[in-house]
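Q: Below you'll find the structure I mean.
The values are calculated or read from the model by the stated rules, or taken from the named source; none is laboratory data. Since this is a predicted model, take the numbers as computed values, not measurements. Here the Cβ positions follow ideal geometry from the backbone for every residue, glycine too, while neighbour counts run over all protein chains shown.
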Amino acid sequence: MSYSGRINKIIASLNDRGFSKKASEVSEVKEAMLDISPLQSKRAYDSSGKPIVQNDPDTGAESVVLWGRPMTKKELAHEVHFGAIDEGRLKDQFSRGDQSVQKFLAPFIDMAQKKQGVPRALGVKLAHISNALEKTGYTILINKFNTAVEGYLKAAAESEEEHTIPSVEKTYEKSKSLEDFGKGVKKLIRMYDNIDDLIKEFDKKYETEVLDKIESKDISEADAVKKTVQLVDKVDAKSNSEITKLS
């Protein structure tokens, strides 16, 4: 049975036992998990209009209206935490708002600066699921979800690498004159030559310090992996240093 089918069975069981409120809450979580574009379908993003701070007429809770959509501090925290709203979008709203809006948004801008983002579509979905879970009151389930997401965000951040090799086109775009471009090309050639030498050096060391020792059984597989990582880290650091010299 699919996950959707299992959840439907739980919802039906809750309704049969008279727990209609809980059935409705579980249904909302299901919708958050399975809906392709939850927030866009429920709340239209409106780029027009200035942000304002208002009080909920029912609860009295303070909220901020961004892009025509009201959000409490907790909802905004979820969206920032999961990367659904990034620092740039918040700063844009901050600059458009009055003093009350700026006071409301300031701590969330600080929060956004410290967060590693995820693709926006995924961030929107994660924030929506977390908000839906929050309404159910199931603390253990919420904690498990947040822990799982934290693990994902950490792994995603650690796996992010930036190896942007400058191109001739980029060198040309950055040049202020033909003479400047000629100097940039010469620097680019030196960078590629130096990186080529580094990779050749890496290849020689990898062969003698790892491959040959594995073949002669002078090193364990675990130690071979550690040695390989060390060699890769060294050549990457030196390569990045060469790239930085050009920027």
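Q: Looking at segment 85-123 only, could you name the residues that are in a loop (DSSP other than H, G, I, E, B) and at pLDDT below 80?
A: Within segment 85-123, K115, Q116, G117, V118, P119 qualify.
Q: For segment 130-151: of the residues being surrounded by 11 or more Cβ atoms within 10 Å (Cβ to Cβ) and of a type in the set (S, T, N, Q), which is farthest from H78 (Cα to Cα)?
A: Selected residue: T136.
Q: Anything in segment 210-247 that is closer than 22 Å to T171 by Cβ and either in contact with a helix residue (DSSP H, G or I) (Cβ under 6 Å, 6 or more places away or on another chain) or hydrophobic (A, V, I, L, M, F, W, C) (or both)? List them, or say none.
A: If the condition is that a residue be closer than 22 Å to T171 by Cβ and either in contact with a helix residue (DSSP H, G or I) (Cβ under 6 Å, 6 or more places away or on another chain) or hydrophobic (A, V, I, L, M, F, W, C) (or both), then K238, S239, E242, I243, L246 are the ones that fit.
Q: With respect to D196, is the statement that it is modelled with pLDDT of 80 or more, more than 16 Å from K238 (Cβ to Cβ) and among the acidic types (D, E) true?
A: The answer is no for D196.
Q: Working only within segment 200-240, note down all residues that are surrounded by 12 or more Cβ atoms within 10 Å (Cβ to Cβ) and within 18 Å of P166 (Cα to Cα).
A: Hits for segment 200-240 are V235, D236, K238, S239, N240.
Q: Has segment 29-51 got at least one residue that is at pLDDT 85 or above and touching a strand residue (DSSP E or B) at 6+ places or on another chain (Cβ under 7 Å)?
A: Checked against the condition, which is being at pLDDT 85 or above and touching a strand residue (DSSP E or B) at 6+ places or on another chain (Cβ under 7 Å), segment 29-51 yields at least one hit.
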